[in-house]
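The structure under discussion appears below in the form of structure tokens.
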């Protein structure tokens, strides 16, 4: 298994909205910390519970609360682009 650090870039719409950041800002502090810890592991190349859902999109599952999901795409082995997150 090839584990390599990745850069995380957050999706931004043409009108400069950042869906992931808006979702994250709406979470309570404990959940924000859980998501931040998961992002730190991803930066180290450790994705954990993640599966492809089709068309180059992957689902990252967080086993907390109602079961949060974060959707992302990959561009090569270096960049991960977070698309959207939700319950």
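The values are calculated or read from the model by the stated rules, or taken from the named source; none is laboratory data. Model, not experiment: these values are computed from the prediction. Positions of Cβ are backbone-derived with ideal geometry, glycine not excepted, and every protein chain shown enters the neighbour counts.
Values for this structure:
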{"read-out": "Output for the range 13-23, where each listed residue is surrounded by 10 or more Cβ atoms within 10 Å (Cβ to Cβ) and more than 14 Å from the chain's Cα centre (by Cα)", "value": "17"}
{"read-out": "Unmet requirement for residue 82, which otherwise passes all of (1) part of a strand (DSSP E or B); (2) out of contact with any helix residue (DSSP H, G or I) (no Cβ under 7 Å at 6 or more places or on another chain)", "value": "(2)"}
{"read-out": "Lone qualifier among 44, 38 - being at pLDDT 90 or above and surrounded by 13 or more Cβ atoms within 10 Å (Cβ to Cβ)", "value": "38"}
{"read-out": "Residues of the range 1-53 classified as farther than 14 Å from residue 82 by Cβ and assigned to a loop (DSSP other than H, G, I, E, B), total", "value": "16"}
{"read-out": "Selected residue [over 14 Å from the mean Cα position of the chain (by Cα), without any contact (Cβ under 8 Å) to a residue 40 or more places away in the chain and surrounded by 11 or more Cβ atoms within 10 Å (Cβ to Cβ)] from 26, 73, 65", "value": "65"}
{"read-out": "Test result for residue 53, modelled with pLDDT of 80 or more and farther than 22 Å from residue 5 by Cβ", "value": "yes"}
